[in-house]
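Before any comments, here is the structure.
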């Protein structure tokens, strides 16, 4: 009997030592799986995936397909911020907090953040309620502030103070309600630094916004560090708050905002993550100046054992042949002489073409380039032919006189071609006299258009 009772107790304890995360998306979307991640700073750690179950329900008399999914988490699951991702392209996701309690929520997959509603989990219900209420109060305050900036004849001081009092009251209420809860650091960090009086000029408004943006964020708080909260705020600050339509001014603002961000971060591991995160963000616009700035001023100054050598090498290789870079150097033999790209001193511009005798487009376009530039003494062409052997190239290059011809064996595995990230032929690179890449035309018409303007 004792053994049976002990067994029942063991089974009961095991059942209680699990938690569930249940989600419902309405309507469903064309995908079969949902993936669960744990958010750790600027990165995500895979936890598990779950298949979406499709059901049909009647909503206002019409049938609609909804998708539901469930995750079972063991007792050992770490408390923290988690994310379910349900679409890889135009990634859709819902973030939530796990703190040793079941979590149930529903959402519209096209507007997840705006529509997510939690039906269990005190942590998530309280925080979502807070976000909705404080956002409404902040929007009310901002609308009064903006109206005052647009028309300074309006007497809005009292209305502003009343709205600010309401906002501060909401903040105080939720801070008290969240005592001892995991979400409290998020509530503390979410409050904007609103001045006690309405601001009279746009310049003062933006100055306060930028200068106080991080005032309520504790960059050493582990709860915040192990979530997307700070990363999201950094993204807003660098890419949206500090904005100018003038390119030169924008680059300056980027650098100033990056400096401000890193003046706040003491945690070395997190600093590394944010540097890599920002490098990846600037990569989308190929902002090489800021990528170099981050590598030179921050990544290179991290402790050697923290730096990711493969990350650095990968990025440097990726950007080696981008516009603004000095073209990667290479040498070749021609008429018994050893020539080097960097040492050529023959023209105002150089056109480097990666092509192949086995490429039909090349056999059509390259002769046209030769005809087009035949009389142009300000441009010298370096034709780098990617081949498996020299047979076809040896004869064909004779039809293209007065060019530099380079044989690149191993075709797509050719080292120089890989350095230039050549993935198709023909590929064009236009260099200035100093061999800096100044253009990367995609088509023959683009090559002609560039040199027609010269």
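Read the figures in this text as sums done on the coordinates, not as results from a lab. These numbers come from a predicted model, not from an experiment. Quick reminder, even Gly has a Cβ in these numbers, built from the backbone with ideal geometry, and neighbours come from all protein chains shown.
Please report how far the C-alpha centroid of the stretch 169-223 lies from that of the stretch 224-255, rounded to the nearest whole angstrom.
If we compute the Cα centre of each part, the gap is 18 Å.
Using a Förster radius of 41 Å, what is the FRET efficiency between residue 398 and residue 32 based on their Cβ-Cβ separation? Nearest 0.05, please.
Computed FRET efficiency for residue 398 and residue 32: 0.10.
Pick the calculated semi-axes √(5λ) of the Cα gyration tensor in Å for this structure from [x] 33, 28, 24; [y] 39, 25, 21; [z] 55, 32, 22?
[z]
Work out the FRET efficiency for residue 453 and residue 195 from their Cβ-Cβ distance, taking R0 = 35 Å, and round it to the nearest 0.05.
Step by step, r from the Cβ atoms, then E = 0.10.
Once you have the Cα-Cα distance between residue 423 and residue 331, take 0.36 nm times their residue separation minus that, and quote the gain in nm to one decimal.
Length gained, residue 423 through residue 331: 31.0 nm.
Obtain the nm distance between the two label points defined at residue 232 and residue 177 by a simple spin-label model: each point lies 7 Å from its Cα along the Cα-to-C-beta direction.
1.8
What does the C-alpha gyration tensor say about the overall shape of the stretch 17-119? Classify as rounded when a/c is under 1.5, otherwise prolate if a/b is larger than b/c, or oblate.
Prolate is the answer for the stretch 17-119, as a/c is 1.5 or above and a/b outweighs b/c.
With contacts defined as alpha carbon pairs under 8 Å and 6 or more residues apart, what's the relative contact order of the chain in percent?
Relative contact order for the chain comes out at 10 percent.
Would you work out the relative contact order for the stretch 17-119, in percent, from Cα pairs under 8 angstrom that are 6 or more residues apart?
33
Quick check: Cα centre of the stretch 108-159 to Cα centre of the stretch 414-454, how many Å?
First find each Cα centre; the distance between them is then 50 Å.
To check you understand DSSP bridge types, tell me what percent of the beta bridges within the chain (both residues inside) are antiparallel, rounded to 5.
Looking only at bridges with both residues in the chain, the antiparallel portion is about 75 percent.
FRET efficiency for residue 203 and residue 162, Cβ-Cβ distance as r, R0 = 22 Å, nearest 0.05?
Efficiency at R0 = 22 Å is approximately 0.30.
Based on DSSP H runs of at least 4 residues, each adding -39500 (n - 2.57), what is the mean residue ellipticity at 222 nm of the chain after dividing by all its residues, to the nearest 500 deg cm²/dmol?
Using -39500 (n - 2.57) per qualifying helix, the result is -12500 deg cm²/dmol.
Could you give the length gained by full extension between residue 308 and residue 45, i.e. 0.36 nm per residue of separation minus their alpha carbon distance, to one decimal place?
Taking residue 308 through residue 45 to full extension adds about 92.9 nm, to one decimal.
Taking a point 7 angstrom from the Cα of residue 222 along the C-beta vector, which residues in the stretch 81-125 have backbone N less than 15 Å away?
Label zone hits: 81.
Can you give the angle from 0 to 90° between the axis of helix 157-177 and the longest principal axis of the chain, with both taken from C-alpha atoms, to the nearest 10?
Around 80 degrees separate the two axes.
Expressed as an acute angle from 0 to 90° and rounded to the nearest 10, what is the orientation of the C-alpha long axis of helix 309-318 relative to the principal long axis of the chain?
50
Angle check, please: helix 360-373 long axis (alpha carbons) against the longest principal axis of the chain (alpha carbons), in degrees 0 to 90, nearest 10.
It is inclined by approximately 60 degrees.
When the Kirkwood radius is taken over all Cα pairs of the stretch 218-319, what Stokes-Einstein diffusion coefficient follows at 37 °C and 0.692 mPa s, in µm²/s?
Estimated diffusion coefficient is 232 µm²/s.
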